[in-house]
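Enquirer: This is the structure I have questions about; it appears just below.
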């Protein structure tokens, strides 16, 4: 064994002994407060009173601060995908209204999902409590585990879910905090994830400020422009009275529907049967119907529809204005007195006003709310390079120029919870490729 190889082996042993001997705690991985954040949001009175009876939270899984904290970590943990590359947040991004700006989401091996990734905002206020576009999950607790086991999305088996979580050193205390002991199983995992998702509620938009100052939403809002108030009137006024009838499917202060609907984007359903095709036998009366999510923060959750076909709100309004097709299961709200698809015949001014109103539902605090953000320590150094000449002997910590313990054109990745301390015998030889990543939790 030549001297360089001996040095390589010795250095590698020293490095891995050092890492193995380091006592890692939750704070090496996660930025979590000592006292958990409050996850039962305090809604304005007009809002809280309106949605009190449509909350789908089950009696055996109320939101707790420790439960939602655990759910937050699970939501952002890439260890819950087979190759550890994606998490729930990969398809439900906080900066995009907890939806996905891509038409179809990307799974753990680069494959695409069958449908657009819908927003999970205000999920707790869909009274039916069924989830996915086709409502195949009867509860949120059922829904949250299915993407983890989907062969395109995250790729785990049911058994692997709890195994993966048990492997991570930071979950032991989180499960104790949430459930009283450190037992890890899929039921608890689903409950924690569901608690976190239900906690994500939008309530600080321009609309909320105006709504809090009046007795009912039909009154003019003093903080709205003339255009926004006009759009609001069109939104809430039924179609026969000259409005858009939008509130018929996007009702309550949560702006959610009560049931799946067909909105006439196609005349027939062939490749995607929606709710009707989610069970066997096919339910013909529900073919082409889909669950629709809350339209709060709709400005941030483009593209739109179950297949992401509309890129802008203007295209959505154009569809309802003049593009509704006569699907056999078209929603009754979208039919005229003769049973034909309605045509709103809005002017350009009216269409623009309707879009302006929908943008008042944008709650910019969602994108920056820390209790719903990624809790994992973020990499603040990431460097890849090749040593072209000479060698480098490390100091006592990784710098941008350091370091590799592999030579002869091999590649090494060094990742740490806080920092990586290197024995001075480490050397990187000419031709080596090295990658260093240091993440910090202060």
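Enquirer: So, in the range 255-273, exactly how many residues are in contact with a helix residue (DSSP H, G or I) (Cβ under 7 Å, 6 or more places away or on another chain) and either under 17 Å from residue 115 (Cβ atoms) or not in a strand (DSSP E or B) (or both)?
Expert: Going through the range 255-273 one residue at a time, the tally reaches 4.
Enquirer: Taking the range 85-128 on its own, how many of its residues are in contact with a helix residue (DSSP H, G or I) (Cβ under 7 Å, 6 or more places away or on another chain), within 23 Å of residue 188 (Cβ to Cβ) and in a loop (DSSP other than H, G, I, E, B)?
Expert: Number satisfying all stated conditions: 3.
Enquirer: May I ask you to say which residue of 247, 278, 220, 212 is within 18 Å of residue 344 (Cβ to Cβ) and surrounded by fewer than 21 Cβ atoms within 10 Å (Cβ to Cβ)?
Expert: Just one listed residue meets the conditions, 247.
Enquirer: Could we say that residue 184 is more than 20 Å from residue 105 (Cα to Cα), surrounded by 16 or more Cβ atoms within 10 Å (Cβ to Cβ), over 17 Å from the mean Cα position of the chain (by Cα) and in contact (Cβ under 8 Å) with a residue 60 or more places away in the chain here?
Expert: No, not satisfied.
Enquirer: Something else about it: If we scan the range 142-156, do we find a residue that is more than 17 Å from the chain's Cα centre (by Cα), crowded, with 19+ Cβ neighbours inside 10 Å, assigned by TED's automatic domain parsing to the domain that holds residue 71 and in a loop (DSSP other than H, G, I, E, B)?
Expert: So far as the range 142-156 goes, yes, one or more of its residues are more than 17 Å from the chain's Cα centre (by Cα), crowded, with 19+ Cβ neighbours inside 10 Å, assigned by TED's automatic domain parsing to the domain that holds residue 71 and in a loop (DSSP other than H, G, I, E, B).
Enquirer: Let me ask you something else. From the list 137, 194, which one is under 30 Å from residue 249 (Cβ atoms), more than 15 Å from the chain's Cα centre (by Cα) and surrounded by 15 or more Cβ atoms within 10 Å (Cβ to Cβ)?
Expert: 137
Enquirer: So residue 285 clears everything in (1) outside any helix (DSSP H, G or I); (2) surrounded by fewer than 18 Cβ atoms within 10 Å (Cβ to Cβ) except one condition, right? Which one?
Expert: (1)
Enquirer: Residue by residue through the range 167-209, note down the ones that are assigned to a helix (DSSP H, G or I) and at pLDDT below 95.
Expert: If the condition is that a residue be assigned to a helix (DSSP H, G or I) and at pLDDT below 95, then 167 is the only one that fits.
Enquirer: When the range 311-359 is examined, which residues are found to be in contact with a strand residue (DSSP E or B) (Cβ under 8 Å, 6 or more places away or on another chain), free of Cβ contacts under 8 Å to residues at least 40 places away in the same chain and surrounded by 18 or more Cβ atoms within 10 Å (Cβ to Cβ)?
Expert: 316
The values are calculated or read from the model by the stated rules, or taken from the named source; none is laboratory data. These numbers come from a predicted model, not from an experiment. Neighbour counts run over all protein chains shown; Cβ positions are idealised from the backbone, glycine included.
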